[in-house]
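See below for the structure under consideration.
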Amino acid sequence: MFREMRRIKQQLTKEESEQILKEASHGVLALSGDNGYPYAVPVSHVYSNGKIYFHCARQGHKIDAIKNNPKVSFCVVSRDDVMPRERTTAYISVIAFGTAEIVDDEKNLRRIAGLVGKKYSRDFPEECKKETDEVIAANTMYCVEITVEHLTGKCGREVLKERNVCGG
């Protein structure tokens, strides 16, 4: 169903790809947008147990696109060192393909908001809980759960050379 990576020697392991998804501060969510145009939007996310999570407003382009077509891709770039002399970059990236589901039940909203709070505001749990309580009471938040169906990570040739020299 999904294409194999063309430059297989540059492919990261599943474990490396998952670690990059866990550690990244954000990624770019790609959706099928209005009037046949692609729609790509950066989101702060959490990766856990084969799923990508984020929260968002209950209205807007992102939610409308997911409702119209839940198939998405999500891209994270964890390294991107421009190498002008070599006319390349030393990069590491991960792309996930999956199906997005809008979460609106209170139990799962709290669970996902808790995961997001733990990742981005670990030292402020009371503030996170208070904000979660407020947005749930106001009925202004959805969470999105992407079930990852295909995941590939790739490093550039320059990174691959570094890894071979360093024993990685």
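Overview of results
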{"item": "Linear extension gain, LYS14 paired with CYS75, 0.36 nm per residue minus alpha-carbon span", "result": "20.5 nm"}
{"item": "For region 29-168, average projected area of the Cα convex hull in nm²", "result": "11.2 nm²"}
{"item": "Solvent-accessible area, 1.4 Å probe, carbon plus sulfur percent, for the chain", "result": "50 percent"}
{"item": "Note, ³J(HN,Hα) from phi for region 21-31, Karplus 6.51, -1.76, 1.60, rounded to Hz, x at Gly and Pro", "result": "4, 5, 7, 4, 6, 6, x, 10, 8, 10, 10"}
{"item": "FRET efficiency, LYS118 to MET5 (Cβ-Cβ, R0 25 Å, nearest 0.05)", "result": "0.20"}
{"item": "Using θ = phi - 60° and Karplus 6.51 cos²θ - 1.76 cosθ + 1.60, couplings along region 41-58 (whole Hz; Gly, Pro as x)", "result": "9, x, 9, 7, 9, 10, 10, 8, 6, x, 10, 10, 10, 7, 10, 7, 5, 7"}
{"item": "Calculated from backbone phi, Karplus (6.51, -1.76, 1.60) coupling profile of region 79-84 in Hz, x at Gly/Pro", "result": "8, 7, 8, 6, 10, x"}
{"item": "Convex hull volume of region 80-144 per residue (C-alpha atoms, cubic angstrom)", "result": "136 Å³"}
{"item": "Euclidean distance between Cα centres, region 7-43 to region 49-86, Å", "result": "6 Å"}
{"item": "Three-way shape call for region 39-93 based on the alpha-carbon gyration tensor, with the a/c threshold at 1.5", "result": "prolate"}
{"item": "Ordering of 65-75, 130-140, 93-103 by burial proxy (mean other Cβ atoms within 10 Å per residue, highest first)", "result": "93-103, 65-75, 130-140"}
{"item": "Added length on full extension, which subtracts the Cα-Cα distance from 0.36 nm per residue, ARG58 to ARG111", "result": "17.4 nm"}
{"item": "Gyration tensor (alpha-carbon) shape descriptor, region 63-118, a/c threshold 1.5", "result": "oblate"}
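The values are calculated or read from the model by the stated rules, or taken from the named source; none is laboratory data. Just so you know, these numbers come straight off a predicted model, no measurement behind them. For neighbour counting, all protein chains shown are included, and Cβ atoms are generated from backbone atoms with ideal geometry for every residue, glycine included. Remember, those area values only see protein heavy atoms, side chains included, never the ligands or the DNA or RNA. Shrake-Rupley method; radii C 1.70, N 1.55, O 1.52, S 1.80 Å.
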